[in-house]
Amino acid sequence: MFKGNPYIITNDNRIYSNPRKYKIARDILERYTGSSIEQFRKQIILTNFAHYLERFNAQCGDERSEGSAMAVVHSKKADVTIIDFSIGSPNAALIIEILAVLDPKAVLFLGMCGGLHRSLKVGDFILPTAAIRDEGASRHFMPAQVPALPTFKIQKFVSQIIIEKELDYRTGVVHTTDYRFWEFDQKFKAQLYEERALAIEMESATLFIAGFACKVPIGALLLVSDLPLKRNGIKTKKSAKAVFSQFTDLHLEIGIKSMSEIAERGEHIRHYRW
């Protein structure tokens, strides 16, 4: 019987603790990141941006590596690893499947999103309670009727850290899409109004569903980086640079503190096993 870390998957043609898939996934993780499995901490931060890795490395990094597809910084001091897994739903699905071999204690996605609600402004934080599955990758993990939900305990932990810092945040549903230039599609925008989603982005639903299927505890803290429904509200190279310079450090600070304290307190954060 396979004695290694359980790699939990749910499709009918696969089995629990599949040793061959575990071996392949471990190999992919090490090749794509350039890090051995022993270097990873049990608390993982996910990001889409190299700038977040650079700032994390400057603040608390010990080891940095870059593989064939991803970049990673490990911190023994914070007991956290951060991974830049790039952008989009397929990459979100992939990173969860290969992270499952680590049996991580907690994973937190520090992502950016477009604010849809008229009350939002650039720099606001959104702690999503659910994500609309308008992308193609999550259907490979769970049926369409299964909601995309983060691990509640991680979201609760992050919210406590934000409150302790006397900051504000919003909760609600975000829309995850794989449609990049939706801003120029009037029919799509009308649909967004009907949904009443707070924000739109490209990874959260996939991360939540894949995390649920692979038994990887996953949460998200999103930063509003633009307001695409407003006039001249679409993010540009100049505005993106301003967002990074103004908000990256605070976003990271919350994420690092959340993951570090989960490690320190030794709290048990797990999905149910079916």
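Out of (1) surrounded by fewer than 24 Cβ atoms within 10 Å (Cβ to Cβ); (2) in contact with a Cys (Cβ under 7 Å, 6 or more places away or on another chain); (3) part of a strand (DSSP E or B), what's the single condition that is false for ILE126?
Of (1) surrounded by fewer than 24 Cβ atoms within 10 Å (Cβ to Cβ); (2) in contact with a Cys (Cβ under 7 Å, 6 or more places away or on another chain); (3) part of a strand (DSSP E or B), only one is false for ILE126: (1).
Conditions tested, residue by residue: (1) in contact (Cβ under 8 Å) with a residue 60 or more places away in the chain; (2) part of a strand (DSSP E or B); (3) at positive phi.
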residue	(1), (2), (3)
TYR22	yes, no, no
ILE28	yes, no, no
ARG41	yes, no, no
LEU46	yes, yes, no
TYR52	yes, no, no
ALA58	no, no, no
LYS77	no, no, no
ILE96	yes, no, no
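I'd like to know if the range 131-141 contains one or more residues that are over 24 Å from SER245 (Cβ atoms), modelled with pLDDT under 95 and open to solvent by 80 Å² or more (accessible area, probe 1.4 Å).
No; the residues of the range 131-141 include none that is over 24 Å from SER245 (Cβ atoms), modelled with pLDDT under 95 and open to solvent by 80 Å² or more (accessible area, probe 1.4 Å).
Considering every residue within the range 142-156, establish whether at least one is surrounded by fewer than 22 Cβ atoms within 10 Å (Cβ to Cβ) and among the basic types (Lys, Arg).
Yes, there is a match, as at least one residue in the range 142-156 is surrounded by fewer than 22 Cβ atoms within 10 Å (Cβ to Cβ) and among the basic types (Lys, Arg).
Quick check: is even one residue across the range 155-174 charged (D, E, K, R) and over 27 Å from ILE256 (Cα atoms)? Before you say what the answer is, go through the steps one by one.
Of the residues in the range 155-174, the ones charged (D, E, K, R) are 156, 164-166, 168, 170.
Cutting the leftovers down to over 27 Å from ILE256 (Cα atoms) gives us none.
Checking the range 155-174: not a single residue is charged (D, E, K, R) and over 27 Å from ILE256 (Cα atoms).
Restricting attention to the range 174-199, which residues are in a loop (DSSP other than H, G, I, E, B) and of a type in the set (Phe, Trp, Tyr)?
Selection gives TYR179, PHE181.
Quick check on my filter: what residues within the range 231-274 are under 19 Å from the mean Cα position of the chain (by Cα), of a type in the set (Ser, Thr, Tyr) and at pLDDT below 90?
The answer is none; no residue qualifies.
Report whether or not ASP185 is modelled with pLDDT of 95 or more and surrounded by 15 or more Cβ atoms within 10 Å (Cβ to Cβ). Please lay out each step first, then the result.
On the way: modelled with pLDDT of 95 or more: yes; surrounded by 15 or more Cβ atoms within 10 Å (Cβ to Cβ): no.
The answer is no for ASP185.
Taking the range 1-38 only, how many residues are modelled with pLDDT of 50 or more and either open to solvent by 50 Å² or more (accessible area, probe 1.4 Å) or under 12 Å from LEU99 (Cα atoms) (or both)?
The total comes to 16.
Among the listed residues ILE234, ILE163, which satisfies the condition of being in a loop (DSSP other than H, G, I, E, B) and either free of Cβ contacts under 8 Å to residues at least 40 places away in the same chain or open to solvent by 10 Å² or more (accessible area, probe 1.4 Å) (or both)?
Working: ILE163 fails: in a loop (DSSP other than H, G, I, E, B).
That would be ILE234, the only listed residue that is in a loop (DSSP other than H, G, I, E, B) and either free of Cβ contacts under 8 Å to residues at least 40 places away in the same chain or open to solvent by 10 Å² or more (accessible area, probe 1.4 Å) (or both).
Take the conditions within 15 Å of the chain's Cα centre (by Cα), touching a residue at least 24 places away in the same chain (Cβ under 8 Å) and closer than 21 Å to VAL174 by Cβ and apply them to ALA100. Does it pass?
Values: within 15 Å of the chain's Cα centre (by Cα): yes; touching a residue at least 24 places away in the same chain (Cβ under 8 Å): yes; closer than 21 Å to VAL174 by Cβ: no.
For ALA100, the condition - within 15 Å of the chain's Cα centre (by Cα), touching a residue at least 24 places away in the same chain (Cβ under 8 Å) and closer than 21 Å to VAL174 by Cβ - is not met.
Residue check: is ILE200 touching a residue at least 12 places away in the same chain (Cβ under 8 Å), buried (at least 22 other Cβ atoms within 10 Å of the Cβ) and under 21 Å from VAL122 (Cα atoms)?
Criteria met by ILE200.
Given the criterion in contact with a helix residue (DSSP H, G or I) (Cβ under 7 Å, 6 or more places away or on another chain) and free of Cβ contacts under 8 Å to residues at least 60 places away in the same chain, identify the matching residue among PHE244, PHE188.
Criteria check complete, one pass: PHE188.
In this structure, does ALA220 turn out to be within 25 Å of ILE162 (Cβ to Cβ), crowded, with 16+ Cβ neighbours inside 10 Å and within 17 Å of the chain's Cα centre (by Cα)? Please lay out each step first, then the result.
Details: within 25 Å of ILE162 (Cβ to Cβ): yes; crowded, with 16+ Cβ neighbours inside 10 Å: yes; within 17 Å of the chain's Cα centre (by Cα): yes.
Taking the combined requirement at face value, the residue satisfies it.
The values are calculated or read from the model by the stated rules, or taken from the named source; none is laboratory data. Worth saying up front: this structure is predicted, and the values here are computed from it rather than measured. Reconstructed Cβ throughout: ideal geometry from the backbone, glycine too, with neighbour counts over all protein chains shown. Calculation scope for accessible area: heavy atoms of the full protein, side chains included, ligands and nucleic acids excluded. Shrake-Rupley method; radii C 1.70, N 1.55, O 1.52, S 1.80 Å.
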